[in-house]
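No value in this document is a laboratory result; all are computed from the given coordinates. Here the structure is a predicted model, which means the values were calculated and not measured. Counting neighbours? That spans all protein chains shown, and the Cβs are built from the backbone with ideal geometry, glycine included.
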Amino acid sequence: MRALRSFEVFLIEVIVYIILWLSNEYLATMLSLIFGSICFFILAVALIAELLEKSNINKNYFYFMAVSTLAPVVAAIIYLAIFGELTWMKK
């Protein structure tokens with residue numbers, strides 16, 4: 001079985017996040033902020049470490065981390081483009 005490419009992982013993550021946004025937008029907001037920021041900071045530290053000292057980490061790792069950072073943002077943009085607002089913030 002071949003490995004998943006980063007674009008396929010991106011689509012899978014966006015679909016999972018959109019399903020989460022459609023089921024519970026408060027939980028989706030919190031999880032998107034948490035997971036997106038964790039992936040971003042791990043990616044930033046890994047890139048800084050890579051610049052300081054070359055490692056044998058495959059480039060796919062950096063692609064997957066970038067995709068995992070962007071997927072919650074894209075899902076939130078799609079949700080807000082469709083529904084236009086966050087209803088949990090109005091209460």
Looking only at the stretch 5-19, which residues have a backbone nitrogen under 12 Å from a spot 7 Å from the Cα of residue 58 in the C-beta direction?
-> 5-6
Rounded to the nearest 0.05, FRET efficiency between residue 23 and residue 81 (Cβ-Cβ, R0 22 Å) equals 0.75
Point-to-point label distance, residue 46-residue 89, nm (Cα→Cβ direction, 7 Å offset) = 3.0 nm
Sorted peptide list for 79-87, 4-12, 60-68, criterion being average Cβ within 10 angstrom, highest first | 60-68, 4-12, 79-87
Mind pulling the angle between the C-alpha long axis of helix 59-83 and the longest principal axis of the chain? Nearest 10 degrees, somewhere in 0 to 90.
-> 10 degrees
Please get the size of the charge dipole for the chain, origin at its Cα centre, with Cβ charges of +1 on Lys and Arg and -1 on Asp and Glu, quoted in debye to the nearest 20.
-> 80 debye
Taking every pair of alpha-carbon atoms in the stretch 7-84, give the share separated by more than 22 Å as a whole percent.
-> 30 percent
